[in-house]
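Only the coordinates and a few stated rules stand behind these numbers; no lab work does. If you're wondering where the values come from, they're calculated on a predicted model, not measured in any experiment. Cβ placement follows ideal geometry from the backbone for every residue including glycine, while neighbour counts extend to all protein chains displayed.
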Amino acid sequence: MRDVGIPERVHAGALLTGRARSLQQRNGAAKTVARGHQQVRRNEIQCGHAAPAGPLVASGRDSEIFEYGPGLVLRRSRKRRSMEREAKVMGYVAQHGYPVPRVEEISADGSELVMERIDGPTMFEVLSRHPWTLWRHASVLAALHDRLHEIPGPQWLDPFLAGGNCLVHSDLHPLNVILSPKGPVVIDWANAARGVGPADVALIWLVMIAAELPEGGAQAIVARVFRRLFVRSFLGHFDLAPVRAALPVVGMWKCQDPNMRAAEVASMQRLVARESGRP
Ligand SMILES: Nc1ncnc2c1ncn2[C@@H]1O[C@H](COP(=O)(O)OP(=O)(O)O)[C@@H](O)[C@H]1O
Ligand SMILES: [Mg+2]
């Protein structure tokens, strides 16, 4: 493959301390990475529109995740948005002992982030396969929220709505928790901000209740009942008054998210209307 305008990839640790330098500078030449039986020159995947780093691991609304050599994955933003701040947040929460993948490298334009590969299913996958673990996992998710909200929100992070002094993830639900053999690990820090814990919990309440489920049939009914039980169990770990108080503003904000479908917006509006009047 022809080398074209290769953006340099820098080590996130260096980026965070302002000591960024390119892999080529560090290694003298294009680094060769063994990937299965295939040898891939790492600088080929640094091109803005080059071949994927390796097989696709997962594809979400915001990004695609590819294998990237032993023990690593590459997250590429679909819209080529910069993930520099996301990498910085991940480094920051890791310093506070919070379970997060280690950031390895980030491309110079920030649209590709290489991080530790966490082995294990997501909490969502485990819940789908072993629904009887609902109460345990609702408690794990609530504890992840509580631990996160104990971390001070740094000034370099945007405020979430009216702001606040703690770190909020804004997407801390079962799809963004990988259950590794060493414990739960939180991924997908794109929307991390400085806010208040109850707003983060209110947001997850809205997102979990609004998520679309398969239409019709017994399976859909079971899924709906299961989801309600999970959400109720999760909320049972918090003081609900401040969470309810945050619902209208958070709901109004989330309804404007262009990624939300019409049916999801309608569900969120129903939830806000139902819960807002309660103490
Ligand atoms: N560090 C990682 N290690 C292993 N798998 C990961 C890692 N990060 C993401 N994934 C996989 O990619 C999926 C989507 O990742 P995520 O960061 O949540 O992207 P999106 O923003 O598209 O939701 C996850 O559900 C998980 O299966
Ligand atoms: Mg995600």
What is the fewest-to-most order of W205, W253 by other Cβ atoms lying within 10 Å of their Cβ?
W253, W205
Given the alpha-carbon gyration tensor of segment 123-276, what are the semi-axes of its equivalent ellipsoid in whole angstrom, ordered largest first, with each equal to the square root of 5 times an eigenvalue?
24, 20, 14
For Y98, Y68, Y92, what's the fewest-to-most ordering of other Cβ within 10 Å of each Cβ?
Y98, Y92, Y68
Compute the label zone of R147 within segment 165-188: residues whose backbone N is under 20 Å from the point 7 Å along Cα-to-Cβ.
166-188
Contour minus Cα-Cα distance for A266 and A58 (0.36 nm per residue)
72.1 nm
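Can you give the local net charge around I221? Use residues other than it whose beta-carbon is closer than 12 angstrom to its beta-carbon, Lys and Arg +1, Asp and Glu -1.
Once positives and negatives cancel, what remains is +2.
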Name the aspartates and glutamates eligible as straight-distance cross-link partners of K88: C-alpha to C-alpha under 14 Å, and not fewer than 8 places from it in the same chain.
E104, E105, E112, D158, D188
